[in-house]
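Below is one structure, written out as structure tokens, with a few remarks after it.
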Amino acid sequence: MTKSSTATATMAIAIALSWACTGKSWGQDAITARLHPSGVIELSRGAVVLGRVELNAHGPNWQHAPQTEGKGTVDDLADKSGKRVSGVLVIPNTEDGAIEYIENVKTLAQGLQIEYDLTVSKIMKLNGLQVSVNLPVEQYAGKEVLVSQPRQDPKLVGLPEKQQEGRFQLWSGQGSKAEIAKDTDLAITAELRASTDVMVQDLRQWDNPIFEVRFPAIMEGGGREVTAGAKFHLDLTITCASSVKLVTP
């Protein structure tokens, strides 16, 4: 993992995810956004999973804390515009350290507005804290990610058909927009409010058939010490080419 400096305490990341689906008869079918009790959001069209949006973290020695392991409850927002997940994500290797999170998910005409408010429970070290867009290898192998970079030409990153032995990090750097599978029926554009760290990874090395586009608030090889009560804010807007229906299990 590469080191990266990011703002401390409160961090805001805005991500606009645009689904441009063309070329197949189901291209304009409604997208289902399934909000799980943990707060993970799965986006699908019919039986086809397009991706998952997930808050996650890494404790010391890069021990992963996926949001799928978070313990949360789902309630309606006060104005009935969406859902609120109140949860706790336990961080490995921190002697029961945890991140408490409030995740608000509001429905838009063609998407979702998602906000995370995070509070650290105790002094601990974190190697990583991020929002990830996880893409199934089955759907995206052979596709490309075009990352717009500040003061540089865009970077084209291939998502390989076959796993490249010993190489999981496909690209890392600064970016303001990531166009995934551009001009295909699987196209996703992740547009940030401002340039921030971006990583594109192939997770098959860990028997996980996923390509990950990661937007980190923390990403440090030696770990960053965070204090009890430290707060982070992350927010993103998902915009789709067709209507989105938010459902809960």
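Do we find that Ile123 is under 19 Å from the mean Cα position of the chain (by Cα) and either touching a residue at least 60 places away in the same chain (Cβ under 8 Å) or within 26 Å of Leu203 (Cα to Cα) (or both) in this structure?
Values: under 19 Å from the mean Cα position of the chain (by Cα): no; either touching a residue at least 60 places away in the same chain (Cβ under 8 Å) or within 26 Å of Leu203 (Cα to Cα) (or both): yes.
Here the answer is no, as Ile123 does not meet what is asked.
Which strands (runs of 3 or more DSSP E) does the stretch 139-249 wholly contain that include 1 or more residues that are within 25 Å of Trp62 (Cβ to Cβ) and out of contact with any His (no Cβ under 8 Å at 6 or more places or on another chain)? Talk me through it step by step, then tell me what you get.
Working: elements: 144-148, 155-158, 169-180, 187-202, 210-226, 231-240, 244-247.
So the answer is 144-148, 155-158, 169-180, 187-202, 210-226, 231-240.
Run down Leu55, Leu77, Leu89 and say which single residue is in contact with a helix residue (DSSP H, G or I) (Cβ under 6 Å, 6 or more places away or on another chain), at pLDDT 95 or above and under 20 Å from Pro249 (Cβ atoms). Quick ask: steps written out before the conclusion?
Working: Leu77 fails: in contact with a helix residue (DSSP H, G or I) (Cβ under 6 Å, 6 or more places away or on another chain); Leu89 fails: in contact with a helix residue (DSSP H, G or I) (Cβ under 6 Å, 6 or more places away or on another chain).
Answer to the selection: Leu55.
Just a yes or no: is a residue in the stretch 9-21 out of contact with any strand residue (DSSP E or B) (no Cβ under 8 Å at 6 or more places or on another chain), on the phi < 0 side of the Ramachandran plot, modelled with pLDDT under 50 and among the hydroxyl-bearing types (Ser, Thr, Tyr)? Before you say what the answer is, go through the steps one by one.
Filtering the stretch 9-21 for residues out of contact with any strand residue (DSSP E or B) (no Cβ under 8 Å at 6 or more places or on another chain) gives none.
No, the stretch 9-21 contains no residue that is out of contact with any strand residue (DSSP E or B) (no Cβ under 8 Å at 6 or more places or on another chain), on the phi < 0 side of the Ramachandran plot, modelled with pLDDT under 50 and among the hydroxyl-bearing types (Ser, Thr, Tyr).
Do we find a residue being surrounded by 16 or more Cβ atoms within 10 Å (Cβ to Cβ), in contact with a Ser or Thr (Cβ under 6 Å, 6 or more places away or on another chain) and outside any strand (DSSP E or B) anywhere in the stretch 70-81?
Applying the first criterion (surrounded by 16 or more Cβ atoms within 10 Å (Cβ to Cβ)) to the stretch 70-81 yields 70, 72, 74.
Imposing the further condition that a residue be in contact with a Ser or Thr (Cβ under 6 Å, 6 or more places away or on another chain) reduces the set to 70, 72, 74.
From what's left, outside any strand (DSSP E or B): 70.
Yes - at least one qualifying residue is present in the stretch 70-81.
Which is over 24 Å from Gln113 (Cα atoms), out of contact with any helix residue (DSSP H, G or I) (no Cβ under 8 Å at 6 or more places or on another chain) and in contact (Cβ under 8 Å) with a residue 40 or more places away in the chain, of Pro160, Pro209?
Working: Pro209 fails: out of contact with any helix residue (DSSP H, G or I) (no Cβ under 8 Å at 6 or more places or on another chain).
Pro160 is the lone residue from the list that is over 24 Å from Gln113 (Cα atoms), out of contact with any helix residue (DSSP H, G or I) (no Cβ under 8 Å at 6 or more places or on another chain) and in contact (Cβ under 8 Å) with a residue 40 or more places away in the chain.
Looking only at the stretch 204-221, how many residues end up being within 18 Å of Gly128 (Cβ to Cβ) and surrounded by 17 or more Cβ atoms within 10 Å (Cβ to Cβ)?
Restricting attention to the stretch 204-221, the residues satisfying the condition of being within 18 Å of Gly128 (Cβ to Cβ) are 205-206, 208, 210-221.
In the following step, the residues that additionally are surrounded by 17 or more Cβ atoms within 10 Å (Cβ to Cβ) were identified as 210-220.
Here the count works out to 11.
The values are calculated or read from the model by the stated rules, or taken from the named source; none is laboratory data. Everything numeric in this text was worked out from a predicted model, so none of it was measured. Every residue, glycine as well, gets a Cβ built from its backbone with ideal geometry; the counts of neighbours run over all protein chains shown.
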